Each structure stands twice: as C-alpha cells, then as structure tokens.
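I have placed the structure first, in the form of structure tokens, so that the comments after it can refer back to it.
The values are calculated or read from the model by the stated rules, or taken from the named source; none is laboratory data. Keep in mind the model is a prediction, meaning the values are calculated, not measured. For neighbour counting, all protein chains shown are included, and Cβ atoms are generated from backbone atoms with ideal geometry for every residue, glycine included.
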Amino acid sequence: MIPSKFDYVRVNSIDEAIQQLKQFNGEGMLIAGGHSLVPLLKFRLSEPGALIDISRISELKGVRKEGDRIVIGALTTHFQIANDPIVKEYIPVLSETVRQIGDLQVRNRGTIGGNIAHADPAADLPAAAFVLDAEIAIHGEDGPETMNIDSFIVGPLITMLPENSVLTSISFAIPPAHTNAEYLKFSHPASGYPVIGVAVVAGVGENDVIDYIRIAITGVGNVAYRATSVEEKLLGQTLSQTLLKEAAQLAAEEGDMASDLFTSEDYRRNLCKVYTERALKSVFYSN
Amino acid sequence: MKKVVGARLKRKEDPKLITGNGYFSDDIQLPGMLHAAILRSPHAHAMIKSINVEEALKAPGVVAIYTGKDLEGKIGPVPSSWLVPGCNLKEAPQYPLAIDRVRYVGDGVALVIAEGRYAVRDAMYLIDVEYETLSPAVGQKQSMQIDAPLVHDDIENNIAFHWKAGEIPEEVCENAEVAIRQSFYIQRVAPSPIETRAAIGQYNPGSGELTLWCTSQNPHIHRMVLSGVLGISEAKLRVIAPDMGGGFGGKIGVYPDEALVGYAARDLGRPVKWIEERNEHFTASNYGRDEVLDVELFGKRDGTLGAIRVKNTHNVGAYLSTMGPGVSTIDFGLMVTGCYKIPYASCETFGVYTNTTPTDAYRGAGKPEATYQIERAIDLFAKEIGMDPIELRRKNFVQKEEFPFTNAQGLLYDSGDYEKPLAKALEMLDYNKFRETQKELRKQGKLIGIGFSTYVELCGFGPSKVAGAIGFQGGVWENATVRVHPSGKVTVYSGTSPHGQGHATTFGQVVAEKLGLPMDDIELVFGDTKAISMGWGTYGSRSVAVGGTAVSIATDRVIEKAKKIAAHELEAPVEDLVFEKGIFSVKGAQGFERTFQEIAKSANMAWNLPEGLEPSLEAQSFFDPENFVYPFGAHIAVVEVDKETGQIEVKRYVAVDDVGRVINPLTAEGQVHGGIAQGIGQALWEGAVYNEEGQLLTGTFMDYALPKARFFPEIETAFTETLSPVNPLGAKGIGETGTTASTPAIMNAVMDALEPYGIKDIEMPLTPEKVWRAISESEGK
Ligand SMILES: Cc1cc2nc3c(=O)[nH]c(=O)nc-3n(C[C@H](O)[C@H](O)[C@H](O)COP(=O)(O)OP(=O)(O)OC[C@H]3O[C@@H](n4cnc5c(N)ncnc54)[C@H](O)[C@@H]3O)c2cc1C
C-alpha cells in the first residue's frame, strides 16, 4: 500500500498544467481529489513518474448558470455540488446522485472532473451525466474543445481525453420544467459503489403521453450508458404501470450485465429490472 | 457521594484518542530505525525453487535480506499455545519464513530491511522468487478426502486434530419423536481491527535486552512464546503493547512476523519497525470461524428437548494458530446445549489443515458458533412442531433455581435467570403487537420477520487448573498491583491488556469507589512486561471478571494496611476504624479523622508506623477464579426483506444482556453495540472467499464488506443484573455477548420473514442475491 516513487508538482493554472504534462512526456498524471488515483498508486496499479497537482486552480471551481445549461468547474467537489443551490434548483438529480457517492470524506475530496475523467464503470456520476446531456469541456495543447459524454467515455477507465489536456468543466442541460428526475442506487455493501444505478429524467404532456424521457444506467457493465431503446419504447406512449414494467423488462434484457463476486449476471439483470421500474415509477407517479 | 461503580462515566481514554494524541505502534520513532517488509507468497501452495535477492540487495537503502534458509537453526518455529489433549493433535512446525515450501497466500518468504518505509517496499518488489506450484487443499470437507493434496506431507488426510466430548445413548436419538438435522457454515471472517498489526524491535547490546513493541492483546504471552522462539531469556525480553486500534482476537496470536522483527533488530543492532499493510492484513493475519456444523437436535412433539449431536469441521488454515485448536473443541463443543436443559449432548470436531491463512479466536471464539447452531436449531424445531419459538425456549431453559447448573457437557454455569432478560426484551419490543403487525404487513406483501436468540456464553478465562487440563499453554489467573504514591494518587498495574475496551475507566471506577478518590487520581498501567510482572492479557471477556477482581482485591489490601496506620495515628483499635468516602474515622468519636492522602503520606514517609508494619502503601493480588462466568441474555431482531431484490433491512434490534454487575453502563453499551455490529456482519455481509486455487478473492475492503454505521437502526439495549458468585465484583463479561447473540437473532428473523416461502435456511452471509434466489426458487416450485 505504498506507491512507487514519483515526482510532484503543484500548478496554479491550466496552461501550467498542460506545460507540465508536456514536460513529463506521458509520464505525468493530473491529480485532483486523489480519491480514485491514490488507491491505484498504493496498489502500484498505476506508477506515474510525476503527479501534477491541479487541486488549487481556482478557475476550475464553482457552479454557474449559462443560458439553459449549468456549468460546473472540474474541481468542484461532490460535497459542494450536493449542496449547491443552483444545482438543487435546476438539476436536482445531479445533487441527488453525488449525495450518494462514497461517504462524507470521499465527497469532501472527490471532484466531478476527476470522477468523469477516471471513467470508473462503477461510478455514480456518469448516469446523471447521460440523462443531463453533459458536455465535457477540455483544454488541450490546441486550446479548448468540448465533447458530449456519449463520445467521451468509451470503456472502463478509458476516455477520449486527448494527451496533455485538462478537463476544465462539465455542463449539464437543464431539463424541461415539467419533468421529474430520480437517481436510484443499489450500493455494494463493501465498496459503496453502485451495483446498479439508474437515472431517469422524464415528463408527461397532454393526455398522459410521455413527451420527455432520458434513462441512463451505471454500474452494471463495462461502461455507463443511455438506455436509448427503452427511451424509444416510452416516448410518445401513454403512461401506464404496465408500460413501465415492460420498459424495465426491456432495460434488463438489453443491458450487458457483468458478474462478479457479489452478483451473478442473472441477479444484476433482476436488479436492473427492479431499479429501472422503481426509478420510472418514482419519476412518473410521485406527486 | 454517588456510587462510582455502575455510573455512566465517559471514558477516560477518549480525549487523548479523539484529539490525535494516542501513541500507537506507528507513532514510535527511534534513532537509527530501519524498516522491514515481508515478501509474501502469491501462491496457496508451491515449492520454492530459488530466491534471487541480488537486485534487491543493490537497491538504495537496503541493509539486509533474510530468507527462510538464512534463518534455519537461528529462530525456532512459532508454536500454538492451545494443545488440546486427547485429540491426536498434530502440530506442523511454522517457521517464521517458509523454508522450501509456501502453504498459503501470504506465507512469509523473505524479510527485507532498509532505510525507510518506501525504500524497503521498492526493494521487496525486486526479489525474484521461482515457484513450482502445487495443487492446494481448499475447503475443510474437501481437504479431508483421501485424494486431497496434503498441506503437510506427514499429516494424513490433513487432520490436525480429532476431538470428541459427550455420549448420547443410541436409543435417545433413535426413539426421538422429532429430529432436526441441519448443516450450517459459519463462514470465515476477518477480525479487521482499524489498526493493522505492527512490531518494532530494539536491541540493547550492552544489557542484552530486546524490547519489542507490538500489537498484542497479551504481551506476557508474547514474551513467553517469543523468548522460546528467539532463544532469549524472558528476563531480557520486554514486550510492550502501545495504544492499539482493536484486536477482536486477531492480535492474540503470536505471529512469525513479530519474531522476525525481534530477530532482525538483534542481528543488526539497530531498531527495526514493521507495520502491516491493510492488504497484507487480509492474507497475513489470522481469520476467525470457518466451521462447518452438522447438527442434529432430538426431542418430543411437546417441545421437550432430548439430545443434541454436533459435528464441527474446522478449517484451521495452514498452521495451528496460538488459540486455534481450542476454539472449535473446548470453547465450542462444551457449549453446544446453550441455555437449555438438554440431557444429552455430544460433539465431534475435526480440525483440518488447508492452504489458507490460519484461523484463530475471533470475538466470542467458539461460543458464537455454539450459540448459532443451537439457536437456529431451536427455531427449526419450533417450526417443526408448530410451537412459538419463545415458548419452546422457555420450556427448555435452565430454571433460575437450578443454578449452579451442570450442562450436559459438564460445564458448571455459575448463575442465571434466563427468563428475566427475555421478558424484558419482549416488553421493550411489544411482541404480541408485533405479531399482529406482521400479519397485516404480510397481507400487503411485505416480508417482515422477527428473530430471537437467547444465549449463554462461557467467559472470564478462567481457573488455571482447568486451563491446564484443557491443554492451554498458560495460566489464566490475573495480576494487579495498587500502588499509592505519597500524594495519595494511585497507579494501578494490571496484567490484562486493553486495546479499546476502556479498562482505565472501568478498573478506575472499581478503585475510585473503594478508595473514595476522584477518577483523575487513578492511573492504569498495562501492556508492558517490564512494568507488570506477569499477566495473561485481554480476550475471552476475562478482563473485568478476572483482572478487575484482582484490582478489587489489591485495593482492599491497601485499605487494610492503611487502616492499621490510621488506627495507629488516631490511637484507636483497628476494629473501630471506619473508612468511607476517602476518610478514616473512629466509630463513635467525632473529629478523629485522617484523609486517605494523609495516610498515604504517612505510609510512604514511614516516620511513625505501627510496630512491625512495613513502609509504603501498595498491595498486589494474584487472582485465580474458581470457575468461568456465564453471561446470558436475550436479543431480538426485526428485519424486512425486499422480495424483489432480496435486500435485508434491520428495522429494530433489542438487546438485553445479563453480565452480572455492570461497572459502567456506557462502556458496556459500547461493547454491546460493537459486538452486535460484528455479529450482524457475520450474518449479512462479511465473508472471506478463496477460489479453487486458494487465491483470496476478498483481499480489500472493496470486496470484503465490513458493516457500516448506516446499516444499523438505533440499537436498543438494557441490562439485567444477576451477580456471579465466582468473583467478589459479581461481574461476568460483556465483550463478546453481541457477537454471540446477534448472528442467530438476525438469521432467525430473516427466516421468519421468509416463512411464507417455506425457506428453512440460507448459508451466511445472506447476500441479497442468495435471498433473492431462495425466494425465486420457492416461487418456481
Ligand atoms: C472510499 C471511496 C468510496 C468511493 N465511492 C464512490 C461511489 O460510491 N461512487 C462514485 O462515483 N465514486 C466513488 N468514489 C470515487 C470518488 O468519487 C473519486 O473522488 C472520483 O471518482 C475521482 O475524483 P478525484 O477528484 O478524487 O480524482 P483523482 O483521483 O484525483 O483523479 C482520478 C483520475 O482522473 C484524472 N483527472 C482528475 N482531474 C482531472 C481533470 N480535471 N482533467 C483531466 N484529468 C483529471 C486523474 O489524472 C486520474 O487519472 C469513491 C472513492 C473512495 C476513495
């Protein structure tokens, strides 16, 4: 549980961070809250030549509203997001999601940028990112660019983050006013990570017709995903308990379910069905 | 003045601990100190073909590397300390480092010493070991098969011991109207103290003394055993247990690692520190339990129990640990009848070597397992004959007037009133109303269940002559010294060795009450073999009953002597002297008084002592109890099962324990809470898992599920007080009641919740998936 040797530099700006990344020539790694990276270092699963500490770059912190989106700096902690009034007002499902991450210490240290950049297949945040149509802002050697969450996370611990770049912020679409949202998580009793996490944003229009629906599932397989076929099944349909049941069934059948020491594939599939149905019911039928 | 014994005092030791001023092993920094790391086997079973340390020796800061071969003949094997007689016990020698063969993942292969804890790790990874893997023996039942790989070539069928106790006349079983037969697996669990193990050795070449700080629940046992292993006189070996972050049995054991650190410190003439890493802890520290229990409970349809027959197949791991052999034999096998008047009992135990980390005592050691099987079997019996589980228990309880009571296996239960805590717990829960609510909720499709556990356990080790008879390689008396300084302040020395229990507070209360002193005037010293002549440590809920009694007796002796001095000064006969609230006075003579502090000064100055009385005010007691103590109680759990996911929620938990005299309800409740958390952990979440290759799959807290505070409801506790006649305090033991009682209470509750599905048993831990499967299967039927 003792890492191998590494250099350490603290940087105070995005440019400096990129500069240092270049300098260490592929050997340097950014560190933010350290709550995903440090465990890897301690197991020597990751042995970077240098850690470039970005945690004090103030321009990467904070929450603001920009038009119809909420922009959150990469270094904003889970705790800050959970308690942020703007988040609570416009995208409460995000605050609900991060509130369920780890424990208080983890939420105090862990950052949204680190969570997304780490792309842990069992992380909570990607589920909310998918249903809120997250745009990832990146600053690289050639300046800023953005990527949708869809194309950013490509596999377990694999993202499209270009070399020598910094994830600077994540922006989330404010869902239409008439929608409701929910994030339901079944925690692993040991790690606290989701065995499954289901995020739903949805609304019904006239005549109980579902006119807005986004469902994302995390924790079950290699990578979090939007359950698009389930969305298609629901969109434009008249809301009913039976419909939700069928949709949940579809979600369970379609997903790639991993098995591990704690859950078999069958059982995860069952959880997927139960949690999808519960999340949908909660969104459509509470209040 | 209010009574001090029985008062809800906050723990004396907490301010220092919660302000970061504890002094733990890892806080120890000595000049010139080196760091140690132990390279461990990644294989469950393999021959060591070669060990190449060349690269590692060249690494910066490396001072020395030792392999098993280097140490051959220099340090002896580490022996077990519980050589249970009459069971053909075969102890395989455990050398501090494997010599030519590794026998479990985590077996030590090389010891690296370097300047600095980082350097030592970097170097360790450079050692190149060539292994030739062998098939491992995994799982106790499989490992007893004729074709199973042998862990030790000369130990047939891997059987470490085969123990039997108790006879049941054949006709009792054959003619029984009801026979319940059930197998239970008490799965392997990791004690997981918040502080891992540690050892720091320092050798003084002048005096020849070796000081070893280590995480030990029993420093004198460590001294005794290690002096043999290291070939050093006990007079030259000082073992100190600094502040410790828990033990739960995992720090009773004398491990190879401590011997290695002591050896290296002496060999190199420089202090050496070894701190176990958390992932290392999962493979190198002893586990608890791992027993397969085949249980048969016989009786009549009217609920009269006739006999219990149990077979325990115990996975002892690759070597016999310090207490290991006693757990599944003496501790378990003599307690299989629980708190019931079952006329006949028998227990047969097989200890089986496997290629896994050794198992040892874990909180409760044998009693939780014994309680589990009888409390589960009782419930199955009740279901079988259609009787309320409470009624069946009551019908078979040993009755109040039958104490002291000899159980079917010959143990003498000291005192008890089993109905009392049960009645209280039922009242706290409102049992009758609960059953109605349960019916209602079942109609709504909710699965809610209630489970009981009425237990008795054997605690307070114990009479030394019994220890000898059962093969324990030690005495189990206790030692206390009460030393009064000239100022009247007091230092108490105890041979018990707390590591989180709070003895400074509870022992302090015993002394404070007797001497009429404020708690702050009393200090407790423990955990240092140089300060305390001898003692046997803290485990088996023995500290208050045995150690606390020694403290109490020594305090009485101090008072006795002080009275003589006071009588002399007050010119009154000793018989007329009264000592109350710290004041010596003469019966019927107003104004003739001396304070305790005045007498303390007189005794220490010795200017004017009675003829023939020696100076100083200090007394010692060596207390050896005449019997064990047997705490008991009733725990009730209420759970709800989510039938779609199998997830279990503990809704209520009521614990009423009778541990004799409660010295401090606050610390007692703390013990109950912690014990319950661990016991429920066993039922619902914890479990070490090895695969067929003997690889540990639960090697981190990402996979090994320790209970978290948020998993529990508010635990509702109460005590009844049935004093023990075995010691003058009337105290029993509180440390293990929670782990003993709670596991079956939870299991019984879940089975009650699942009653509509006809599910009788599910193997622990009750993961949601297992429960979901059981429900699905029964629905499919
Ligand atoms: C005990 C524990 C429990 C946890 N439980 C959960 C849980 O239940 N759910 C959950 O979702 N997570 C959980 N986590 C993970 C936690 O949320 C992490 O904090 C988070 O995933 C990573 O954020 P960080 O700031 O700590 O990143 P770091 O650990 O500092 O970095 C993680 C990775 O991201 C990279 N990185 C970080 N910031 C940037 C950036 N701005 N630009 C580019 N790359 C960057 C780093 O180089 C590194 O590769 C848990 C962690 C712990 C220790």
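Among the residues making up segment A:42-54, a single one is free of Cβ contacts under 8 Å to residues at least 40 places away in the same chain and near the ligand (Cβ under 10 Å from one of its atoms): A:Ser46. Taken over segment A:266-287, the criterion of being within 14 Å of another protein chain (Cβ to nearest Cβ) and at positive phi is satisfied by no residue. Exactly one residue among B:Thr481, B:Thr491, B:Thr454 is touching a Lys or Arg at 6+ places or on another chain (Cβ under 6 Å) and within 15 Å of B:Ala619 (Cβ to Cβ), and that residue is B:Thr491. Of all residues in segment A:258-265, none are more than 14 Å from chain B (Cβ to nearest Cβ), over 19 Å from A:Leu125 (Cβ atoms), buried (at least 22 other Cβ atoms within 10 Å of the Cβ) and in contact (Cβ under 8 Å) with a residue 40 or more places away in the chain. When B:Thr283, B:Thr313, B:Thr329 are checked against the criterion of being away from chain A (no Cβ under 14 Å), among the polar types (S, T, N, Q) and out of contact with any Cys (no Cβ under 8 Å at 6 or more places or on another chain), a single residue qualifies: B:Thr313.
Looking at segment A:134-194, the strands (runs of 3 or more DSSP E) lying wholly inside it that each contain 3 or more residues that are within 14 Å of another protein chain (Cβ to nearest Cβ) sit at A:180-187.
For A:Ala123, the stated conditions do not hold, so it cannot be described as more than 14 Å from every other protein chain (Cβ to nearest Cβ) and within 14 Å of the ligand (Cβ to nearest atom).
Looking only at residues of segment A:203-222 that are touching an Asp or Glu at 6+ places or on another chain (Cβ under 9 Å) and in contact (Cβ under 8 Å) with a residue 40 or more places away in the chain, we find that the one that is surrounded by the fewest Cβ atoms within 10 Å (Cβ to Cβ) is A:Asn222. Within segment A:41-60, being assigned to a loop (DSSP other than H, G, I, E, B) and either within 22 Å of the chain's Cα centre (by Cα) or more than 14 Å from every other protein chain (Cβ to nearest Cβ) (or both) holds for A:Ser46, A:Pro48, A:Gly49, A:Ile54, A:Ser55, A:Arg56, A:Ile57. Candidates in segment B:755-767 are the residues that are in contact with a Ser or Thr (Cβ under 8 Å, 6 or more places away or on another chain) and surrounded by fewer than 23 Cβ atoms within 10 Å (Cβ to Cβ); of these, the one that is farthest from the other protein chains (Cβ to nearest Cβ) is B:Gly758. Screening B:Asp658 against (1) within 14 Å of chain A (Cβ to nearest Cβ); (2) under 23 Å from the mean Cα position of the chain (by Cα) leaves a single unmet condition, (1).
Within this structure, B:Gly416 fails the test of being under 30 Å from B:Val78 (Cα atoms) and in contact (Cβ under 8 Å) with a residue 24 or more places away in the chain. Set side by side, the residues A:Val98, A:Val87 differ, and just one is within 21 Å of A:Glu66 (Cβ to Cβ), crowded, with 24+ Cβ neighbours inside 10 Å and at pLDDT 95 or above, which is A:Val98.
Restricting segment A:61-100 to residues that are within 13 Å of the ligand (Cβ to nearest atom) and assigned to a strand (DSSP E or B) leaves a set whose member that is nearest to A:Ala123 (Cα to Cα) is A:Thr77. Under the condition of being within 14 Å of chain B (Cβ to nearest Cβ) and assigned to a helix (DSSP H, G or I), the residues counted in segment A:1-40 number 3.
Within segment B:267-280, the set of residues being surrounded by fewer than 22 Cβ atoms within 10 Å (Cβ to Cβ) and more than 14 Å from chain A (Cβ to nearest Cβ) comprises B:Asp267, B:Leu268, B:Gly269, B:Arg270.
In this structure, B:Gly445 qualifies as among the small types (Gly, Ala, Ser), farther than 23 Å from B:Tyr340 by Cα and assigned by TED's automatic domain parsing to the domain that holds B:Thr371.
Conditions (1) in contact with a Pro (Cβ under 6 Å, 6 or more places away or on another chain); (2) among the charged types (D, E, K, R); (3) within 16 Å of B:Ala718 (Cβ to Cβ), marked per residue:
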| site | (1), (2), (3) |
| --- | --- |
| B:Ala634 | yes, no, yes |
| B:Thr645 | yes, no, no |
| B:Ile648 | no, no, no |
| B:Val654 | no, no, yes |
| B:Asp657 | no, yes, yes |
| B:Arg661 | no, yes, yes |
| B:Gly675 | no, no, yes |
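Taking every residue in segment A:69-83 that is hydroxyl-bearing (Ser, Thr, Tyr) and pairing it with any residue that is crowded, with 24+ Cβ neighbours inside 10 Å, at least 6 positions away or on another chain, the pairs with Cβ-Cβ distances below 7 Å are A:Thr76/A:Thr111; A:Thr76/A:Ile112; A:Thr77/A:Gly110; A:Thr77/A:Thr111.
Just so you know, in segment A:12-41 the residues that are buried (at least 20 other Cβ atoms within 10 Å of the Cβ) and more than 18 Å from A:Gly113 (Cα to Cα) include one that is farthest from the ligand (Cβ to nearest atom), and it is A:Gln20. When the residues of segment B:710-743 are filtered to those that are of a type in the set (A, V, I, L, M) and touching a helix residue (DSSP H, G or I) at 6+ places or on another chain (Cβ under 8 Å), the one that is farthest from B:Ala377 (Cα to Cα) is B:Leu729.
A:Ile213: more than 16 Å from the ligand (Cβ to nearest atom) and among the hydrophobic types (A, V, I, L, M, F, W, C), yes or no? It is true that A:Ile213 is more than 16 Å from the ligand (Cβ to nearest atom) and among the hydrophobic types (A, V, I, L, M, F, W, C).
Output yes when any residue across segment B:246-265 is part of a strand (DSSP E or B), more than 26 Å from the chain's Cα centre (by Cα) and more than 17 Å from B:Val109 (Cβ to Cβ), and no when none is. Checking segment B:246-265: not a single residue is part of a strand (DSSP E or B), more than 26 Å from the chain's Cα centre (by Cα) and more than 17 Å from B:Val109 (Cβ to Cβ). Among the candidates B:Ala114, B:Ala165, B:Ala179, B:Ala199, the residue that is surrounded by 15 or more Cβ atoms within 10 Å (Cβ to Cβ) and either within 14 Å of chain A (Cβ to nearest Cβ) or free of Cβ contacts under 8 Å to residues at least 60 places away in the same chain (or both) is uniquely B:Ala114. Being assigned to a helix (DSSP H, G or I), buried (at least 24 other Cβ atoms within 10 Å of the Cβ) and within 13 Å of the ligand (Cβ to nearest atom) is a property that A:Asn108 lacks.
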